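Participant: Take this structure, written in structure tokens, and hold onto it; I'll ask about it next.
The values are calculated or read from the model by the stated rules, or taken from the named source; none is laboratory data. Just so it is clear, the structure is predicted and the values come from calculations on it, not from any experiment. Counting neighbours? That spans all protein chains shown, and the Cβs are built from the backbone with ideal geometry, glycine included.
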Amino acid sequence: MTMKYFNISEPNEALRPVLQDKIDNLNKPKGSLGRLEELALQIGLVQQTTEPVLRHPCHLLFGADHGIEREGVSVSPREITWQQMLNFSRGGGGVNMFCRQHGFELFLVDMGVDYDLNGVPGILNRKIRRGTHDFLHEAAMTPEEADRCLDTGAQMVTECQARGCNVIALGEMGIGNTSPSSVWMHLLTGMPLEQCVGAGAGLDTEGIRHKYKVLEASVRQFRALHPGLPEAGAFSPAQTELVMRHFGGYEMVAAIGAMLRAAELHMVILVDGFIMTACMLLATRICPAVRSYAVFCHEGDEAGHRRMLEALHARGLLRLGLRLGEGTGALCAWPLLESAIRMLNEMNNFENAHITKYF
């Protein structure tokens with residue numbers, strides 16, 4: 001596989017003590033604004049300034065269908081994907097409401113929905129094919145298709161930057177996509193598969209058991225096709241790319257391309273719940289530096305999500321029980337980023353306020 005190359009560097013750490021000193025000398029007890037202080041420090045490092053600004057936030061929602069859905073791993077039928085994409089194009093989804101509330105420009109991108117959405121106003125046609133192959137039997141996508149997905153995600157971020165954007169939120173619409181997310185988590189962290197498989201959009205106990213059996217058989221088939229692969233959790237970047245295309249969805253690989261390009265451009269990346277966290281996990285296994293640009297916005301109830309965040313040394317900003325997807329958890333966390341930046345730029349310090357330090 002010839003994967004698109006991304007030149008991602010870690011933020012320069014030389015500014016860290018300067019930023020930390022500014023935060024510590026705001027007129028408040030040291031550390032008293034908790035996670036907001038951590039956010040301000042991270043965003044300042046990403047932008048390499050003590051006066052960061054969040055400009056023209058954009059939300060990229062990629063949609064596609066999954067061959068593995070045919071195996072009954074989701075409580076929802078695949079037609080929900082195209083029906084919701086149409087709903088989003090008319091402004092009626094949860095993602096639309098949150099984007100309007102918080103001033104995000106929304107881009108709807110058809111990466112592989114199993115329906116003809118060509119010409120629908122508000123939906124960008126980047127369709128690879130009408131759904132991936134069923135990874136129980138074969139690779140979900142070809143190397144060429146994976147490259148096209150990465151390129152599309154990267155191109156969308158480049159377009160957003162040209163509009164003045166420096167913060168990207170990511171969402172997805174694809175019935176069945178908790179299944180590839182669970183497999184990625186298992187293979188890339190080494191955690192037992194049963195700890196990575198959950199209810200998705202609402203499976204009951206028997207449904208979860210069936211889903212686990214399908215995914216277990218899929219992993220077994222994958223290893224039979226590639227007998228030289230190491231144990232789970234020990235994949236090289238090249239082997240990680242193989243895992244990505246064998247199990248991934250078109251919308252998920254496009255999101256990975258967007259994440260990598262956003263980090264390359266030193267943009268803040270807002271990561272939603274279980275599925276987008278799995279995408280970030282995979283992105284970090286390809287280019288570890290991307291992790292520094294990620295803000296993990298929501299910790300959902302999907303089995304294993306907390307464990308996956310722990311593997312990334314991350315914590316979600318919110319725990320609201322959300323399981324809608326679409327990037328809604330990332331959008332809900334937006335006011336916290338705004339507050340963190342206002343804290344850094346608008347709060348007075350002890351010296352200027354003539355207040356004695358009281359910590």
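Participant: If you go through the range 1-46, how many residues are within 29 Å of G257 (Cα to Cα), not in a loop (DSSP other than H, G, I, E, B) and not charged (D, E, K, R)?
Facilitator: Of the residues in the range 1-46, 11 are within 29 Å of G257 (Cα to Cα), not in a loop (DSSP other than H, G, I, E, B) and not charged (D, E, K, R).
Participant: Would a scan of the range 249-266 turn up a residue that is surrounded by fewer than 24 Cβ atoms within 10 Å (Cβ to Cβ), in contact (Cβ under 8 Å) with a residue 24 or more places away in the chain, hydrophobic (A, V, I, L, M, F, W, C) and assigned to a helix (DSSP H, G or I)?
Facilitator: Restricting attention to the range 249-266, the residues satisfying the condition of being surrounded by fewer than 24 Cβ atoms within 10 Å (Cβ to Cβ) are 264-266.
Narrowing further to those that are in contact (Cβ under 8 Å) with a residue 24 or more places away in the chain: 264-266.
Next, only the ones that are hydrophobic (A, V, I, L, M, F, W, C) stay: 265.
This time we only want the ones that are assigned to a helix (DSSP H, G or I), so: none.
No; the residues of the range 249-266 include none that is surrounded by fewer than 24 Cβ atoms within 10 Å (Cβ to Cβ), in contact (Cβ under 8 Å) with a residue 24 or more places away in the chain, hydrophobic (A, V, I, L, M, F, W, C) and assigned to a helix (DSSP H, G or I).
Participant: While we're on this one: List the helices (runs of 4 or more DSSP H) that sit entirely inside the range 141-229 and contain at least 2 residues that are touching a His at 6+ places or on another chain (Cβ under 8 Å). Before the answer, list the steps.
Facilitator: Numbers: elements: 143-162, 178-189, 205-225.
In the range 141-229, 178-189, 205-225 are the helices (runs of 4 or more DSSP H) which contain 2 or more residues that are touching a His at 6+ places or on another chain (Cβ under 8 Å).
Participant: Condition first: among the β-branched types (V, I, T) and not in a strand (DSSP E or B). Can you find one or more residues in the range 292-300 that meet it? I'd like the intermediate steps shown before the answer.
Facilitator: Within the range 292-300, the subset among the β-branched types (V, I, T) is 295.
Now restrict to residues that are not in a strand (DSSP E or B): none.
No, there is no match, as no residue in the range 292-300 is among the β-branched types (V, I, T) and not in a strand (DSSP E or B).
Participant: Restricting attention to the range 1-47, which residues are among the acidic types (D, E), over 16 Å from N348 (Cβ atoms) and exposed (fewer than 12 other Cβ atoms within 10 Å of the Cβ)?
Facilitator: E13
Participant: Another one. Name the pairs whose Cβ atoms lie under 8 Å apart, with the first residue in the range 151-172 and on the phi > 0 side of the Ramachandran plot, the second part of a loop (DSSP other than H, G, I, E, B), and 6 or more positions between them or separate chains?
Facilitator: G164/R55; G164/H56
Participant: Then there's this: Across the range 306-321, what is the total count of residues that are in contact (Cβ under 8 Å) with a residue 60 or more places away in the chain and farther than 21 Å from Q42 by Cα?
Facilitator: 1
Participant: Which of (1) closer than 30 Å to Q221 by Cβ; (2) not in a helix (DSSP H, G or I) is the odd one out, the single condition I80 does not satisfy?
Facilitator: (2)
Participant: Could you check the range 49-105 and list, in sequence order, the residues that are surrounded by 18 or more Cβ atoms within 10 Å (Cβ to Cβ) and of a type in the set (D, E)?
Facilitator: Answer for the range 49-105, where residues must be surrounded by 18 or more Cβ atoms within 10 Å (Cβ to Cβ) and of a type in the set (D, E): D65, E69, E71.
Okay, residues lined up against (1) at pLDDT 95 or above; (2) more than 26 Å from V95 (Cα to Cα); (3) not assigned by TED's automatic domain parsing to the domain that holds M97:
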| residue | (1), (2), (3) |
| --- | --- |
| P288 | yes, yes, no |
| C297 | yes, no, no |
| L320 | no, no, no |
| R323 | no, no, no |
| L331 | yes, no, no |
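Participant: Same structure, new question: When the residues of the range 158-206 are narrowed to those that are among the β-branched types (V, I, T) and in contact with a Gly (Cβ under 8 Å, 6 or more places away or on another chain), which ends up surrounded by the most Cβ atoms within 10 Å (Cβ to Cβ)? Give the steps one after another, and end with the answer.
Facilitator: Taking the range 158-206 as the starting set, the residues that turn out to be among the β-branched types (V, I, T) are 158, 167-168, 175, 178, 183, 189, 197, 205.
From what's left, in contact with a Gly (Cβ under 8 Å, 6 or more places away or on another chain): 178, 189, 197.
Numbers: T178: 31, T189: 20, V197: 28.
Out of the qualifying residues, it is T178.
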